[in-house]
1. Checking the condition closer than 25 Å to residue 213 by Cα and either at pLDDT 95 or above or crowded, with 19+ Cβ neighbours inside 10 Å (or both), which residue from 132, 77 passes?
2. Given 197, 235, which one is within 24 Å of residue 112 (Cα to Cα), surrounded by 14 or more Cβ atoms within 10 Å (Cβ to Cβ) and in contact (Cβ under 8 Å) with a residue 24 or more places away in the chain?
3. Does residue 273 count as open to solvent by 20 Å² or more (accessible area, probe 1.4 Å) and within 26 Å of the chain's Cα centre (by Cα)?
4. For residues that are part of a strand (DSSP E or B) and not basic (Lys, Arg), scanning just the stretch 292-301, find the one that is surrounded by the most Cβ atoms within 10 Å (Cβ to Cβ).
5. Pick out the one residue from 304, 231, 248, 267 that is within 18 Å of residue 176 (Cα to Cα) and either under 30 Å from the mean Cα position of the chain (by Cα) or assigned to a helix (DSSP H, G or I) (or both).
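The values are calculated or read from the model by the stated rules, or taken from the named source; none is laboratory data. Since the structure is predicted, the reported quantities are computational estimates derived from the model, not experimental observations. Positions of Cβ are backbone-derived with ideal geometry, glycine not excepted, and every protein chain shown enters the neighbour counts. Surface areas here come from the heavy atoms of the whole protein model, side chains and all, with no ligands, DNA or RNA. Shrake-Rupley method; radii C 1.70, N 1.55, O 1.52, S 1.80 Å.
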Amino acid sequence: MIKRIKHSLEYLIDKSSRHKTSRSEEDLLHKFAFSEYQKSKWYESSMGNPDEVSKDIYDSIQLRIGKKQSFNPYLKYMAAASILFLIGLGFFFKPVMTAEKQLSFKTSDTPKSIQLNDGSKIYLAANSSFQYPEKFKGDERKVSLLKGNAFFEVAKDKEHPFIITSGEIKTRVVGTSFHIQMSKSKCEVIVVTGKVNVTSKGHSVDLIPNEEALFESQKLTKLVAEKSFLVNWYNTDVTLNQTTLKQVITILQYKYGVSFQYDNKLVLATPLTVFIKKDATLENVLEQINYITNLKFKVYGEIVKVD
């Protein structure tokens, strides 16, 4: 029953914030919020002066939506009532003590891996950044890919979904393996094993192995994944046999977190076979490519150029 009430409250508040509620739904939400606010107990010793807290909530809402915009006068009661209601259900109990301590995991010029306390393993590409809690608490296991690319091997736990925020998309799984590849212009989720749900901007797609979700230009699209991405090439030796330079460059961009610059796009069609050891440096791989193609790729920080 509590879960149903919590879900309904979250649903209506989210719908109201997007201005999608009907008049009757708004009335229902307002009556519920005001009723909860009136009958909820306030412990001044631990929660502060109720008038001052109410004013802080009211002022905060004004700053967020802009003073020039009109808003419902019950909004401050909705915010306060929601806090009190959740306190009553035990959602806020000594928040300072129960808050998850967030840790950061970053890489420089080489990929690295980390194992989380639930047994999940994250392989982080070079020049990438990942945030995770010291210990998972609550109903969900939440982490964030802040920059770059990663391969996830998520430990199975049906009771505690694993949720990754990466830019403007959220990826939800129970236990599976997949890539997330993020840049300034797009984000890709490519499934290797298991099932994955990806959501963004109110849209949702379900993925199975060999499928990917592409978020680009504010649009979420479901596609068939390229075979070369269906392995964990952060932790596996990979042979790209009779492929094109374009495909090789794509994997190098994701694995080492670099971008390639070249004037002649025709070189991308060059056929070659390349062996990439799991612990190979970018320079080692580029030496192979330079030898095979007679090109001259050189690294300049996070950019690779053809001189």
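1. Just one listed residue meets the conditions, 132.
2. One residue alone meets the criteria, 235.
3. For residue 273, the condition - open to solvent by 20 Å² or more (accessible area, probe 1.4 Å) and within 26 Å of the chain's Cα centre (by Cα) - is not met.
4. 297
5. 231
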